[in-house]
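The values are calculated or read from the model by the stated rules, or taken from the named source; none is laboratory data. These numbers were taken from a predicted model, which means no experiment stands behind them. Don't worry about glycine lacking a Cβ; one is built from the backbone with ideal geometry, like all the others, and counts go over all protein chains shown. All accessible areas refer to the heavy atoms of the entire protein, side chains included, with ligands and DNA or RNA removed. Shrake-Rupley method; radii C 1.70, N 1.55, O 1.52, S 1.80 Å.
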Amino acid sequence: MKIMVVGGGGREHAIIRKLKENPQAETIFALPGNGGIAADAQCVPIAATDIEGIVRFAVETGIDYAVVAPDDPLVLGAVNRLEAEGIPCFGPRSEAAIIEGSKIFAKNLMKKYSIPTAACEVFDDLDAALAFVETAPLPAVIKADGLALGKGVIIAETRDEARDALRGMMLDRRFGKSGERVVIEEFLTGPEVSVLSFTDGETVVPMVSSMDHKRAGEGDTGPNTGGMGTIAPNPFYTPEIAERCMREIFLPTIRAMKAEGRTFKGCLYFGLMLTPQGPKVIEYNCRFGDPETQVVLPLLESDLLTVMQAVTRGELASVPVRFAGGACCCVVMASAGYPTAYEKGFAITIPEAVRPFVYVAGAALRDGQLVTSGGRVLGVTGLGDDLRAAVRAAYERTAQISFENAVYRRDIGQRALRMEG
Ligand code: AMP
Ligand code: GLY
């Protein structure tokens, strides 16, 4: 089988490694992949947002199965176009990917189908939004409507910060067109849980839960990033809460999307907050999380390709999806200065024995040498019988890897370990 994976980060590296476990996966192409993925797949220099280029490559190459991993091509309709060419895909069509593509769509869906989430108001007019935050409770959560690479969320502690955020989004277009409309949300508190799920639009199978560490600095300080590390499972997510989420959030969401004529097939990511009033949805993503995938897929015991194909065929109920009992930790090694400004082009040294546990995100090959090319450079993982062992293994490996300007948080998993006691 010829398989194509669209994307080029650590998440895609983890997906590709798992797909390769199936002997049917003879050739895997990554579009565009990266310098590290090149060790596991054939990288093709076609950008993940170049929908026409992706479709042309798939048709000319005779791709048998496509996995579209990042949000932009999903929202742009890559799956719609590939399916129109007869190529089976893993990933939602654009009409379902809108659940991530428009925060306003997601909020309206939750309101209509009584799915628990933060109360919110929507604005497309700056003056009306400014007037609202004069009396809104603080902190106020201000979100740009469209995709903003996970950075379009500002938690304003003061009215000045709220005004600045609104002007930045709606006037200066700090997040581009996605700031045309904004959502102002009630501030929720409680531990956050990421639950990725497989769904074929009828059946929803949650994967092992995980916890992201979104802030750049230790102790959850500093700016929000794409994610500085993850652990799975998330100890705050008890079997009782899982059962409640299935009843109040997961199934209602899948049914709502179907009822709206937007059947969701692929990986639906539930970003949840466990508030004193119960679990609430913070965000939906129409795809695997990054770096959640790097800790969830290593724990998947079932064959990923088989599960994905069952999703595509609408037969998810008939395949087993099993996870191992242990834990996994991923430490992101980043370039100093991320998420703002950083230098790149530094040589990366990874000992041979550590490589199978490293997912490469922002690195390129220069004369055969792996060099840094992005903010988040590597995800270094450890598996263990329990969380403590997984964290230890991940950090032992991280310490063996070096590149100039490397930074990483030393406290990935600590909050979860404190919770476990
Ligand atoms: P999002 O991009 O929607 O996941 O938001 C990024 C981060 O902002 C989340 O992971 C939360 O930590 C925080 N956040 C988003 N919405 C809220 C909210 N309503 N209350 C508190 N924190 C929030
Ligand atoms: N790690 C959060 C995300 O993938 O959006």
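State whether the residues of region 360-377 include one that is in contact (Cβ under 8 Å) with a residue 24 or more places away in the chain, out of contact with any Pro (no Cβ under 9 Å at 6 or more places or on another chain) and assigned to a helix (DSSP H, G or I).
No: region 360-377 contains no residue that is in contact (Cβ under 8 Å) with a residue 24 or more places away in the chain, out of contact with any Pro (no Cβ under 9 Å at 6 or more places or on another chain) and assigned to a helix (DSSP H, G or I).
Can you confirm whether region 190-212 contains a residue that is open to solvent by less than 20 Å² (accessible area, probe 1.4 Å), of a type in the set (Phe, Trp, Tyr) and out of contact with any Cys (no Cβ under 9 Å at 6 or more places or on another chain)?
Going through region 190-212, the residues open to solvent by less than 20 Å² (accessible area, probe 1.4 Å) turn out to be 193-201, 204, 207, 209-211.
Adding the requirement that they be of a type in the set (Phe, Trp, Tyr) leaves 198.
Filter once more, so that each one left must be out of contact with any Cys (no Cβ under 9 Å at 6 or more places or on another chain): none.
Within region 190-212, none of the residues are open to solvent by less than 20 Å² (accessible area, probe 1.4 Å), of a type in the set (Phe, Trp, Tyr) and out of contact with any Cys (no Cβ under 9 Å at 6 or more places or on another chain).
Can we say Lys280 is among the basic types (Lys, Arg) and more than 18 Å from Ala96 (Cα to Cα)?
yes
For residues that are more than 13 Å from ligand 1 (Cβ to nearest atom) and in contact with a strand residue (DSSP E or B) (Cβ under 9 Å, 6 or more places away or on another chain), scanning just region 202-215, find the one that is farthest from Gly379 (Cα to Cα).
Val204
So which pairs qualify, if the first residue must be in region 31-59 and among the hydroxyl-bearing types (Ser, Thr, Tyr), the second must be modelled with pLDDT of 95 or more, the Cβ gap must be under 7 Å, and the two must be at least 6 apart or on different chains?
Pairs that qualify, where the first residue is among the hydroxyl-bearing types (Ser, Thr, Tyr) and the partner is modelled with pLDDT of 95 or more, are Thr49/Asp72; Thr49/Pro73; Thr49/Leu76.
Select the strands (runs of 3 or more DSSP E) contained entirely in region 216-281, then report the ones holding at least 1 residues which are closer than 30 Å to Val360 by Cβ and touching an Asp or Glu at 6+ places or on another chain (Cβ under 6 Å).
229-232, 266-275
Filter region 131-151 for residues that are β-branched (Val, Ile, Thr) and within 12 Å of ligand 1 (Cβ to nearest atom); which is farthest from Leu274 (Cα to Cα)?
Only one residue fits best here, namely Ile142.
Among the residues of region 141-155, what is the count of those that are at pLDDT 90 or above and open to solvent by 20 Å² or more (accessible area, probe 1.4 Å)?
1
Only residues that are within 15 Å of ligand 1 (Cβ to nearest atom) and open to solvent by less than 70 Å² (accessible area, probe 1.4 Å): list them for region 172-188, please.
Matches in region 172-188: Phe175, Ser178, Gly179, Val182, Val183, Ile184, Glu185, Leu188.
Starting from region 222-246, keep only residues that are within 15 Å of Ser197 (Cα to Cα), then list their pairs with residues that are open to solvent by less than 20 Å² (accessible area, probe 1.4 Å) and charged (D, E, K, R) whose Cβ atoms are within a distance under 8 Å, requiring at least 6 positions of separation or different chains.
Listed by first residue and then by second, the contacts come to Ala232/Glu292.
Report yes if Gly146 is within 19 Å of the chain's Cα centre (by Cα), more than 14 Å from Ile54 (Cβ to Cβ) and not basic (Lys, Arg), otherwise no.
yes
Looking only at residues that are without any contact (Cβ under 8 Å) to a residue 40 or more places away in the chain and open to solvent by less than 60 Å² (accessible area, probe 1.4 Å) in region 102-130, which one is nearest to ligand 1 (Cβ to nearest atom)?
Going through the qualifying residues, I end up with Phe105.
If you check every pair at least six apart or on different chains, which have Cβ atoms under 9 Å apart with a residue in region 63-86 that is at positive phi first and a residue that is open to solvent by less than 10 Å² (accessible area, probe 1.4 Å) and among the aliphatic types (A, V, I, L, M) second?
These pairs meet every condition: Gly77/Ala97.
Being surrounded by 20 or more Cβ atoms within 10 Å (Cβ to Cβ), among the polar types (S, T, N, Q) and near ligand 1 (Cβ under 10 Å from one of its atoms) narrows it down to one of Asn224, Asn285, Asn234, so name that one. Working first, answer last.
On the way: Asn224 fails: surrounded by 20 or more Cβ atoms within 10 Å (Cβ to Cβ); Asn234 fails: near ligand 1 (Cβ under 10 Å from one of its atoms).
After ruling out the rest, the residue left standing is Asn285.
State which residue is least open to solvent (accessible area, probe 1.4 Å) when the search covers only region 389-410 and only residues that are among the charged types (D, E, K, R) and touching a residue at least 40 places away in the same chain (Cβ under 8 Å).
Filtering first and then ranking leaves Arg409.
When you scan region 1-93 for helices (runs of 4 or more DSSP H) that lie fully inside it, which ones turn up with 2 or more residues that are crowded, with 24+ Cβ neighbours inside 10 Å and of a type in the set (D, E, K, R)?
10-19
Which residue is most open to solvent (accessible area, probe 1.4 Å), if the candidates are limited to region 288-318 and must be away from ligand 1 (no atom under 16 Å from the Cβ) and not in a helix (DSSP H, G or I)?
Step by step, filter region 288-318, then rank; the result is Glu301.
Against the condition in a strand (DSSP E or B) and of a type in the set (Ser, Thr, Tyr), how does Tyr342 come out, does it pass?
Here the answer is no, as Tyr342 does not meet what is asked.
When residues of region 181-237 are filtered for being within 13 Å of ligand 2 (Cβ to nearest atom), out of contact with any Phe, Trp or Tyr (no Cβ under 8 Å at 6 or more places or on another chain) and of a type in the set (A, V, I, L, M), how many remain?
Looking only at that region, the number is 2.
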